Amino acid sequence: MQVLIYHQDAAQWRDVLAQRLPEAQFHLGAEHGNPQVDYLVAWKPPASLLEEQRWLRGIVNLGAGVDALLNNPALPREIPIVKLRDAGMGELIGDYVRYGVLHFQRDFDRYQRQQRTQTWREVPVVDKPAWGIGVLGLGAIGTRVAQMLAADGYPVHGWSRSPKQLEGITCHHGDAGLDALLAQVMTLVTLLPDTPATRHLIDRATLAKLPAGASLINPGRGTLIDEAALLDALGSGEADDAHLRGALLDAFPQEPLPAESPLWRHPRILITPHMAGPTPIGAAADQVAEALARLSRGEAVETIDPDAGY
């Protein structure tokens, strides 16, 4: 089995995968001049690399998001694509979301503003049972995040395209289900894939359906949010009467986020550099090795649906 690895930490991936698949031959990918291989293990490979690989039997995507790969014009559509499913990322993203929820539920955003004006005023605490949380996207990572928040004592509402049942989570689906969820949550968490159906799902109409003073956390895909609508909902940032109280954003349509973006300067927005869920290489390598072994033996493996986008 010949495997080409394209990743900024390709040598590290080679070492951990070689321990799990000693019979395989691994090559470290460059943009040009690579040997012909059976399988590609990659994160955001360039079109030139895909164009030169004429005998690929499968691709393993080194992350949960596959939008960059599916949007690559050189991607061969007839071969199976396997993506990482949680592999420890859910726990990390869950902690990120927990921080964001507490930031707003325990009023740290308000205390930050008070500090700037040397104001000493305690804000009454809203108890957890009164702080509904909505999780959009109930894949492996979204499910894990929802379960962590429910275990913390919050009422959690989850939303997916098709019906789901999860213990301790109020599950919604479809357009009517989304409207029902939005009306009940003080923090909205977006963990949906990037598809034509989800792009700019968080627009003016969606944000207007949230209760006044709600907050937004996006550790998912940057394309989910209409940034102009978000800025309108947040207002100028000076008064405390904007419809949307604040936002914690980790993903953006263009990364790094351009210096001229108004998101950088808005006082009610917290920005992080797409760090919510880094891939734990050990657990992820187990998934990659299993997928490669199954593909090489011709066994069934869970693959993505390019038309659905996940």
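Summary table
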quantity	calculated
The range 238-301 versus the range 131-208: alpha-carbon centroid distance in Å	17
Amide hydrogen neighbours beyond the local backbone of Tyr6, cut-off 5 Å, H modeled	Gly29, Val41, Ala42, Trp43
Estimated distance in nm for a label pair at Glu227 and Leu28, the labels positioned 7 Å out from Cα along Cα-to-Cβ	3.4
Exposure ranking of Arg54, Arg106 by accessible area [1.4 Å probe, largest first]	Arg54, Arg106
Accessible surface, 1.4 Å probe, highest first, among residues His266, His200	His200, His266
Dipole magnitude of the chain, debye to nearest 20 (Cβ charges: Lys/Arg +1, Asp/Glu -1, about Cα centre)	340
Gain upon complete extension [Ser261, Arg98; 0.36 nm per residue less C-alpha separation]	56.1 nm
Among Gly298, Gly137, Gly63, residue whose mean-square fluctuation peaks in a GNM of the chain (springs only between Cα atoms under 10 Å)	Gly298
Residue-averaged 222 nm ellipticity for the chain, from DSSP H runs of 4+ at -39500 (n - 2.57), nearest 500	-9000 deg cm²/dmol
Whole-Hz couplings from phi, Karplus 6.51/-1.76/1.60, listed for the range 279-295; x for Gly and Pro	6, x, 5, x, 5, 5, 4, 4, 5, 4, 4, 5, 5, 5, 5, 5, 4
Spatially proximal lysines relative to Lys44 (Cα-Cα < 19 Å; intrachain offsets below 8 disregarded)	Lys83
Linear extension gain, Glu51 paired with Ala197, 0.36 nm per residue minus alpha-carbon span	49.7 nm
For the range 74-232, alpha-carbon Rg over 2.2 N^0.38 Å	1.12
Surface accessible to a 1.4 Å probe, per residue, for the residues of the range 130-208, Å²	41
For the range 170-267: Kirkwood Rh in Å [reciprocal of mean 1/r, alpha carbons]	13.9
Beta bridge orientation in the chain: antiparallel %, DSSP, nearest 5	0
Normalised alpha carbon radius of gyration of the range 75-148 [divisor 2.2 N^0.38 Å]	1.65
For the range 144-190: Kirkwood Rh in Å [reciprocal of mean 1/r, alpha carbons]	10.8
If the convex hull is drawn through the Cα atoms of the range 1-134, its volume per residue in Å³	176
Given charges at Cβ of Lys, Arg, Asp, Glu: the range 191-310 dipole, positive-most of Ala300, Pro196, Pro211	Pro211
Ser236 accessible area, assembled protein chains, probe 1.4 Å, Å²	90
Percent antiparallel among DSSP beta bridges (both partners in the range 32-186, rounded to 5)	5
Rg to Rh, two decimals, where the chain supplies the alpha carbon set and Rh follows Kirkwood	1.02
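The values are calculated or read from the model by the stated rules, or taken from the named source; none is laboratory data. Source: prediction; values computed, not measured. All Cβ positions, glycine included, derive from the backbone under ideal geometry; neighbour counts span all protein chains shown. When the accessible area is computed, the model is the full protein with side chains, heavy atoms only, and any ligands, DNA or RNA have been set aside. Shrake-Rupley method; radii C 1.70, N 1.55, O 1.52, S 1.80 Å.
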